[in-house]
Amino acid sequence: PLSLSPSQSLLFLGLVAAVCLGLNLLFLTIYLICLCCCKRDQEPDTKQPQSCCITWMAVSAGLVCCMAVGVGFYGNSETNDGVFQLLYALDHANHTLTGIDSLVAGTTLQMQVGLEQHVARLNEVLATRGDYLQTLKFMQQLAGSVVLQLSGLPAWQGPSAELTVLAARVAYVEYYRWLAYLLFFILVLAICLLACLGLAKRSRCLLTAMLCCGLLTLILSWASVAVDTAAAVGTSDFCVAPDKFIMNQTESDVSAEVVHYYLYCEQSLSNPFQQALTVFQRSLTTMQMQIQGLIQFALPLFPTAEVQGGGSRGSAPHPAQHLPDPPPLPQKDLLGVQQLLNSSETSLHQLMAMLDCRGLHKDYLDALIGICYDGVEGLLYLILFSLLVAASFSTIICATPRAWKHFAGRDRDYDDMDEEDPFNPQARRIATHNPSRGQLRSFCSYSSSLGSQSSLHPPAQTISNAPVSEYMNQAVLFGGNPRYENVPLIGRGSPPPTYSPSMRATYLSVTDEHVRPHGSEFPA
């Protein structure tokens with residue numbers, strides 16, 4: 001079977017995402033070309049269903065975008081939590097390793113410098129006692145053994161520096177990754193709002209801006225899919241065999257036995273530092289016993305030391321007497337050695353606790369849980385977010401040309417209306433905004449042709465002038481100003497409308513001409 005290296009696998013995933021982006025753009029291009037070239041004249045009864053279809057497509061795409069942003073927020077938060085758990089574990093492990101090096105260095109310095117200074121002064125004071133000098137020499141040998149055991153412990157400066165650099169890089173990348181996705185979420189919501197406004201206001205400028213931003217968002221979505229997939233796959237490869245990766249990274253600084261001890265921390269495994277720590281503890285115990293014996297048996301040989309230390313209780317010497325110089329006092333050096341050994345014992349207990357596998361193994365498990373569970377889960381949700389955004393914006397891009405065509409059809413139908421039609425609101429609006437334009441001809445005006453007047457048929461019933469004046473008076477009473485109409489509605493049996501004074505005279509004259517031959521009952 002064909003096996004790929006991790007870098008080749010990530011490159012392959014990037015190429016797959018690039019191919020998907022190319023196919024998506026190719027599909028959209030073909031769709032738009034077919035939509036522009038294959039225009040079909042639709043029937044009037046199919047325009048409303050098409051408008052409903054466009055509306056529902058836009059609404060569905062907007063809802064999918066909002067759902068995708070919610071999924072993205074959750075995935076971004078999960079990834080951020082996992083990365084910060086990893087950083088906390090790295091920082092705690094780095095603190096432990098730094099503490100081990102600090103304890104080893106401090107104890108070594110005490111044994112090599114502090115103890116040697118005290119022993120050198122005690123050799124001068126106790127030079128007359130060979131047994132005491134032998135005890136001091138034995139203590140020097142034990143101190144050298146302790147220094148030798150401490151030097152056998154692994155030095156953690158290299159791994160600690162690597163952990164510091166790794167934590168700094170991860171924190172830097174995570175901050176900008178989190179910020180970039182937050183801006184991406186805001187961009188997606190802004191484009192959805194722009195699409196809604198464009199469809200609601202029927203604005204072609206907003207739709208054009210939304211189309212351009214939608215193409216940009218589509219490219220960013222597939223780029224996000226490529227990056228998140230590569231990160232998820234790379235992290236999963238690390239989580240499958242983290243011990244091998246860590247051993248390869250630390251083989252030059254720490255032995256494989258020590259790394260294996262910290263990675264697995266099983267009870268069956270022996271502590272690789274047990275022998276060194278045991279020798280350290282036994283040497284300290286022996287030195288404490290030796291210094292305790294010196295304090296117990298050597299100090300009584302120097303009564304001046306007790307007098308100088310506790311204060312003189314006898315009478316003051318005569319000023320004329322010349323006393324010899326007092327010998328050096330060993331009490332201070334003996335107590336200093338005892339205090340140094342007690343401090344070394346405290347450091348030993350701290351060093352044993354830090355070198356135990358349970359602390360670093362817990363940091364190792366916390367780091368794995370953070371990056372392999374929360375981190376990978378968040379990346380999967382981000383991949384789902386990017387796919388949903390790509391699908392929804394592809395739908396919006398497909399619906400935008402249809403909405404554009406629908407807007408153009410509505411404008412064309414509106415422009416095809418007859419401007420001479422007196423009931424056309426557009427004609428009234430044109431006449432209002434363009435006073436120089438000729439007024440619309442009255443249907444029964446004397447300036448019209450005789451044919452239009454002859455087309456008026458006589459009413460079938462008698463007509464009275466009273467309702468006209470009464471109707472006009474009611475209109476003035478309730479409406480404030482009478483509403484004048486330009487066209488008389490004759491022969492329908494409905495209440496007459498209000499006319500302007502000139503129109504009323506014209507209406508009465510025409511009515512008289514048609515009614516008088518039939519012997520109407522109008523009063524003279």
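The residue of the range 54-109 that is most open to solvent (accessible area, probe 1.4 Å), among those that are among the hydrophobic types (A, V, I, L, M, F, W, C) and without any contact (Cβ under 8 Å) to a residue 60 or more places away in the chain, is Trp56. Filter the range 62-110 down to the residues that are touching an Asp or Glu at 6+ places or on another chain (Cβ under 8 Å) and within 20 Å of Ala155 (Cβ to Cβ) and list them by number. Matches in the range 62-110: Leu90, His92, Ala93, Thr96.
Within the range 97-108, can one find any residue that is modelled with pLDDT under 90, of a type in the set (A, V, I, L, M) and assigned to a helix (DSSP H, G or I)?
The answer is no, given that none of the residues of the range 97-108 is modelled with pLDDT under 90, of a type in the set (A, V, I, L, M) and assigned to a helix (DSSP H, G or I).
Taken over the range 177-189, the criterion of being under 9 Å from the mean Cα position of the chain (by Cα) and open to solvent by 40 Å² or more (accessible area, probe 1.4 Å) is satisfied by Arg177, Trp178, Leu179, Ala180, Leu182, Leu183.
Reported count of residues in the range 206-221, each being among the aliphatic types (A, V, I, L, M), open to solvent by 30 Å² or more (accessible area, probe 1.4 Å) and over 13 Å from Leu382 (Cβ atoms), is 6. Considering each residue of the range 195-203 in turn, at least one proves to be at positive phi and either open to solvent by less than 40 Å² (accessible area, probe 1.4 Å) or touching a residue at least 24 places away in the same chain (Cβ under 8 Å) (or both).
Scanning the range 239-251 for residues that are of a type in the set (A, V, I, L, M, F, W, C) and in contact (Cβ under 8 Å) with a residue 12 or more places away in the chain turns up Cys239, Ile246, Met247.
If you take the residues in the range 269-318 that are among the small types (Gly, Ala, Ser), in a loop (DSSP other than H, G, I, E, B) and modelled with pLDDT under 85, which one is most open to solvent (accessible area, probe 1.4 Å)? My answer is Ser315. Figure legend. Inter-residue proximity from the range 11-22: first residues assigned to a helix (DSSP H, G or I), second residues not aliphatic (A, V, I, L, M), beta-carbon distance below 7 Å, spacing 6+ or different chains. Indicated pairs: Leu13/Thr229; Ala17/Trp222; Ala17/Thr229; Cys20/Trp222; Leu21/Trp222.
Count of the range 137-162 residues, restricted to those that are open to solvent by less than 40 Å² (accessible area, probe 1.4 Å) and more than 19 Å from Gln288 (Cα to Cα), is 6.
Does Ala171 fit the bill of being modelled with pLDDT of 90 or more and over 30 Å from Phe12 (Cα atoms)? The answer is no for Ala171. Just one of the listed residues (Asp45, Asp81, Asp131) is at negative phi and modelled with pLDDT of 90 or more, namely Asp81. Within the bounds of the range 170-182, is there any residue that is in contact (Cβ under 8 Å) with a residue 12 or more places away in the chain and within 30 Å of Leu284 (Cβ to Cβ)? So far as the range 170-182 goes, no, none of its residues is in contact (Cβ under 8 Å) with a residue 12 or more places away in the chain and within 30 Å of Leu284 (Cβ to Cβ).
Screening the candidates Ser224, Ser236 for the property of being surrounded by 19 or more Cβ atoms within 10 Å (Cβ to Cβ) and among the polar types (S, T, N, Q) yields one hit, Ser224.
The values are calculated or read from the model by the stated rules, or taken from the named source; none is laboratory data. Just so you know, these numbers come straight off a predicted model, no measurement behind them. Don't worry about glycine lacking a Cβ; one is built from the backbone with ideal geometry, like all the others, and counts go over all protein chains shown. When the accessible area is computed, the model is the full protein with side chains, heavy atoms only, and any ligands, DNA or RNA have been set aside. Shrake-Rupley method; radii C 1.70, N 1.55, O 1.52, S 1.80 Å.
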